[in-house]
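See structure below.
Since every read-out is calculated from the coordinates, none of them should be taken as a lab result. Since the model is a prediction, treat every value here as computed from it, not as a measurement. Neighbour counts are summed over all protein chains in view; Cβ atoms, including those assigned to glycine, are modelled from backbone coordinates with ideal geometry.
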Amino acid sequence: MARHKPAKPSKITPAFDLNQQGANALLAATFDFLRRNNISKKSILEFTQKHLVRNQRDRSLRVYRELEQAQEDMGLIMGTWFSHPRFLDQSGNPMPLNTGTGPNSIAHLVRASGARVQASIALELMRRSRSVKISSDGRLTALRRAFVLPKLEVLRAAFVVERYLDTLQQIALGRKKEISLILERSCHVSEVDLAKIIPILRDIESRGTAFMDSIDGDLECRRLRKSKLKSVGELGVHVFVWTKSTNGTSKSGKKLLSVRALQNRL
């Protein structure tokens, strides 16, 4: 009869501080991610010191907020380009636009979309995006509806992590008041053969895409162009799938499954 190896004794003690250990893991993962994306140790340390000692959070994040808003506006602009009759040809495809003025220009598209970003900034972002192609005569052609910029891993992480942590806080407050307004859950298994999960990843991708498509238009039609209401906030859903090796080696093309409903003070 085969003998089973005895389980290793747990290192957890009665005084084990789960919150502190979770904080250590969160900070370690954050620092590792930033270093892998060429954020210097010096800049990480300087920000940490300023944030904790001088409490300069609002000032240091102002530029990031402006860029974040510009990115959201670009999604609105691309959606207008693919849906507004003024910018579609007879086949229903987005027409090429010029960089000047007039009805077939990027400037006119920005105004029609109601976006708050300046036309010059929108044009510069389009030049950097894989979602737009620039011809030899300077005309811009929309290739895909989703606006994508290269090398945005850090910005995307900041967008999701910040809102996810805020969501956890709101859920905790809601439980104290016996109300639950936000969905937060995940499904995972700790041991699985990573070499045999391609079919389920494909299934998750197709079902996840259908789910996101079904709610994207419903959310977008509720966007406020200009409002003085005090109850204005964000509402969003983020879906991702993760695979993580447990043998200490990292795999390229790591994909992140979890559904996050993100809501900010609505």
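Some notes on this structure:
- Given Lys177/Lys230; Lys50/Lys176; Lys41/Lys230; Lys176/Lys230; Lys41/Lys177, the pairs whose alpha carbons are separated by over 31 Å: Lys50/Lys176; Lys41/Lys230; Lys41/Lys177
- Descending by average beta-carbon neighbour count within 10 Å, the peptides 136-149, 69-82 line up as 69-82, 136-149, the highest first.
- At R0 = 30 Å, FRET efficiency that the Cβ-Cβ distance of Lys176 and Arg62 yields, to 0.05: 0.40
- Rounded, prolate or oblate (a/c below 1.5 giving rounded, otherwise prolate when a/b exceeds b/c) for region 106-257 by Cα gyration tensor: oblate
- Length released on extending from Arg130 to Phe240, taking residue separation times 0.36 nm less the Cα-Cα span: 37.4 nm
- A DSSP coil position with no more than 16 other Cβ atoms inside 10 Å describes the following GluC sites (Glu not before Pro) in region 119-200: Glu178, Glu191.
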